[in-house]
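To keep things clear, I will list the structure first and then write my remarks on it.
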Amino acid sequence: MTPATRSGSRRVLLVTPRGYCDGVERAIQTVEKKGAVFVDESEEVPEGNIVIFSAHGVAPVVHEEASGKLATIDATCPLVTKVHKEAVRFAKEDYGILLIGHEGHEEVIGTSGKAPEHITLVDGPADVANVEVRDPDKVVWLSQTALSVDETMGTVDALKDRFPNLLSPPSDDICYATQSRQIAVKQMGAEADLVIVVSSQNSSNSVRLVEVALSVGARAALLVDYAEEIDESWLADVRTVGVTSGASVPEILVEGVLEWLAARGYDDIETVTAAEESIAFSLPKELRRDLRRRRLTDQSARFCPH
Ligand code: SF4
């Protein structure tokens, strides 16, 4: 932990890293350069428009539906794409693939769609007993990128008990951003009476942050979309409030929470730094191509006045 402390009896532990991961940052930059509205199905997109696939990734069937009718930009996070490629490769080698993840999550739907005949979802350790495979000696596990590291390892251990020859993926599927945010919350959570995770309720990586905070001893840990959702009664007997945010949460919402807390006497902020992040993904190739073309057009317009 790297504390930067000011004195005071009510304090806030603000963790780093928090908020936008690079996969989300990349998807947001893509959207900002194009302008966008959100849709659930490609058929909702009027002809002549461009579809951007989100950082979670989509199933091949969605790519197929869009292709031909619409121009597409694939903003799937490269770390999700890595899991997709592993799924395709192990399916080609005829492995049974045990995908650890949460049923119904967009990323799980996208990954499962890459090799539907070979993938079986395992939704936590309690699900292991129900898993059926074709050949128990030819199975590999993969996982959703934004899971709890500890719970996933618990699921893997339970799977290994059932399938001793279970193969592991060549590298961790749980992404660096998920891991570093969980490590930061572990460092902060043990000292916090209350942990506030700024995020929507349906964010998988944020729900994991709540679980991690509780697992290391935080008395309470709650998700809020923004400051106004905090209930003053939560602060009863609370001296230390831990604050973090989910991977798709803009920093302005965290600032709102800090202001709300400061107005109630929690104005002594310590930063808890667990890791410095230095990963930077390049923009999707379709967008890079488009930006290059636009730059060339601008340049030629400058050189040729006609
Ligand atoms: S949480 Fe991880 S896998 Fe998901 S978008 Fe961010 S960096 Fe990519």
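Taking segment 112-147 as the region of interest, how many residues are within 16 Å of the ligand (Cβ to nearest atom) and either of a type in the set (F, W, Y) or in contact (Cβ under 8 Å) with a residue 60 or more places away in the chain (or both)? Within segment 112-147, residues that are within 16 Å of the ligand (Cβ to nearest atom) and either of a type in the set (F, W, Y) or in contact (Cβ under 8 Å) with a residue 60 or more places away in the chain (or both) number 5. In this structure, P136 does not satisfy being out of contact with any helix residue (DSSP H, G or I) (no Cβ under 7 Å at 6 or more places or on another chain), closer than 15 Å to I97 by Cα and modelled with pLDDT under 95.
Any idea which residue in segment 19-37 is surrounded by the most Cβ atoms within 10 Å (Cβ to Cβ), counting only those that are closer than 18 Å to A247 by Cα and more than 12 Å from the ligand (Cβ to nearest atom)?
Of everything passing the filter in segment 19-37, T30 is surrounded by the most Cβ atoms within 10 Å (Cβ to Cβ).
In segment 256-284, the residues that are in contact (Cβ under 8 Å) with a residue 60 or more places away in the chain reach residues that are part of a loop (DSSP other than H, G, I, E, B) and among the charged types (D, E, K, R) with C-beta atoms within less than 6 angstrom, at least six apart or across chains, in these pairs: G265/R10; Y266/R10; D268/R6. Within segment 209-237, residues that are of a type in the set (A, V, I, L, M, F, W, C) have Cβ atoms under 7 Å from residues that are surrounded by fewer than 15 Cβ atoms within 10 Å (Cβ to Cβ) and part of a loop (DSSP other than H, G, I, E, B) in these pairs: V216/A190; L223/Q201; L235/R264, counting only partners at least 6 apart in sequence or on another chain. When we screen V51, V24 for residues that are closer than 25 Å to Y176 by Cβ and in contact with a Ser or Thr (Cβ under 6 Å, 6 or more places away or on another chain), the only hit is V24.
Would you check if A184 is more than 16 Å from the ligand (Cβ to nearest atom) and more than 17 Å from L253 (Cβ to Cβ)? Outline the logic, then answer.
Working: more than 16 Å from the ligand (Cβ to nearest atom): no; more than 17 Å from L253 (Cβ to Cβ): yes.
In short, no.
Taking segment 187-299 as the region of interest, the strands (runs of 3 or more DSSP E) fully inside it that hold 3 or more residues being under 19 Å from the mean Cα position of the chain (by Cα) are 194-198, 220-224, 240-245. Look at segment 61-85: where a residue is in contact (Cβ under 8 Å) with a residue 40 or more places away in the chain and a partner is away from the ligand (no atom under 16 Å from the Cβ) and charged (D, E, K, R), sitting 6+ places away or on another chain with Cβ atoms under 6 Å, you get I73/E286.
Note on segment 75-92: residues that are more than 9 Å from the ligand (Cβ to nearest atom) and of a type in the set (S, T, Y) amount to 1. I52 satisfies every condition listed in (1) on the phi > 0 side of the Ramachandran plot; (2) surrounded by 17 or more Cβ atoms within 10 Å (Cβ to Cβ) except (1).
The values are calculated or read from the model by the stated rules, or taken from the named source; none is laboratory data. Treat the numbers as computed from the prediction; the structure is a model and nothing was measured. Heads up, the Cβs are rebuilt from the backbone with ideal geometry, glycines too, and the neighbour counts pull from every protein chain shown.
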